[in-house]
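The values are calculated or read from the model by the stated rules, or taken from the named source; none is laboratory data. Nothing here was measured: the structure is a model prediction, and the numbers come from that model. Here the Cβ positions follow ideal geometry from the backbone for every residue, glycine too, while neighbour counts run over all protein chains shown. The accessibility values were calculated without ligands, DNA or RNA, using every heavy atom of the protein model including side chains. Shrake-Rupley method; radii C 1.70, N 1.55, O 1.52, S 1.80 Å.
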There are 2 protein chains.
Amino acid sequence: MTTNILNDDYYMRQALNEARQAFDKGEVPIGAVVVCKGRIIARGHNLTETLTDVTAHAEMQAITAAANVLGGKYLTDCILYVTIEPCPMCAGGLLWSQISKIVYGAKDEKKGYSVFSPSILHPKTEVVSGVMEDECASLMKEFFKQKR
Amino acid sequence: MTTNILNDDYYMRQALNEARQAFDKGEVPIGAVVVCKGRIIARGHNLTETLTDVTAHAEMQAITAAANVLGGKYLTDCILYVTIEPCPMCAGGLLWSQISKIVYGAKDEKKGYSVFSPSILHPKTEVVSGVMEDECASLMKEFFKQKR
């Protein structure tokens, strides 16, 4: 499975749109989309405050929504675009989903899955990082600056 | 926060009842209950097949249900009883939930969170393992024997 930089930017922009929706609701601004054969089949943004549910991360919602669209629980031919590196919970969900590829924007130096164990993800899952990194990171910085 | 062996056995038996419900539905038989001040406030069993959703683990559902009952997203004064050691996804969810204590029955030697990184859980989260270990493990063995 290959994607070119142009496509990655396009899909990450869609994930960023999701993140901005979270921002506007006072939620930590992280957004995700799931792409299957070039088509966005699911979108999600962080809703932990709105739903009073710590499990309502953008990625978890996108996994559930994508499986719903596909009618099967495995996302074998899918790519997840997410603005920030997934946490261990989301990485664990992505492992179970058998997703092919994960593309994320900015690293999460404190709570990213790779801080805990890169092997939470399946070794065959391709991981690309740094796509629109500055935009993804600065939305987070802006959010936490406002909160202080 | 302390619990005696008698209480642990009682609550684990409730988690086992949940696991048996999963078994009867053809789901990997894992069950969980969340206890707050001695009272069971949430129950869950694995429903990944029924819901076509890899995130529908017993623990994840119990976290969401418990937060719903409490009206807040943190499970600070709660104990989770679960028949099998949580996977990284569920351990990650439990970290976010700020749960006080986790009691599990049998270890998951392949996909338990501790195989990946014990630090997925917060260092202050108390972990007790081996409660009704044989019953919890043998339900799983029986399930996978049938599947073969």
Quiz item: Considering segment A:2-41 alone, what residues qualify as being of a type in the set (Ser, Thr, Tyr) and outside any helix (DSSP H, G or I)?
Solution: A:Thr2, A:Thr3
Quiz item: Could you count how many residues in segment A:130-148 are within 13 Å of A:Ile84 (Cα to Cα) and open to solvent by less than 70 Å² (accessible area, probe 1.4 Å)?
Solution: 8
Quiz item: Looking at segment B:112-133, which of the residues that are in contact (Cβ under 8 Å) with a residue 24 or more places away in the chain and in a helix (DSSP H, G or I) is farthest from the chain's Cα centre (by Cα)?
Solution: B:Phe116
Exercise. May I ask you to verify whether B:Leu51 is at pLDDT 95 or above, crowded, with 24+ Cβ neighbours inside 10 Å and in contact with a helix residue (DSSP H, G or I) (Cβ under 9 Å, 6 or more places away or on another chain)?
Key: no
Quiz item: If we keep just the residues of segment B:96-121 that are open to solvent by 20 Å² or more (accessible area, probe 1.4 Å) and within 22 Å of B:Ile41 (Cα to Cα), which is farthest from the other protein chains (Cβ to nearest Cβ)?
Solution: B:Ser100
Practice problem: Count, please, the residues in segment B:10-38 that happen to be open to solvent by 40 Å² or more (accessible area, probe 1.4 Å), over 21 Å from B:Gln146 (Cβ atoms) and at pLDDT 95 or above. | Solution: 2
Exercise. Would you check which residues across segment B:49-92 are more than 15 Å from the chain's Cα centre (by Cα), more than 7 Å from chain A (Cβ to nearest Cβ) and of a type in the set (A, V, I, L, M, F, W, C) and list them?
Key: B:Leu51, B:Val69, B:Leu70
Practice problem: Specify which of the listed residues (A:Gly93, A:Gly44) is assigned to a strand (DSSP E or B), modelled with pLDDT of 95 or more, open to solvent by less than 30 Å² (accessible area, probe 1.4 Å) and under 23 Å from B:Thr64 (Cβ atoms). | Solution: A:Gly44
Self-check item: Given (1) open to solvent by 10 Å² or more (accessible area, probe 1.4 Å); (2) touching a Ser or Thr at 6+ places or on another chain (Cβ under 6 Å), index of the condition A:Gln61 fails
Solution: (2)
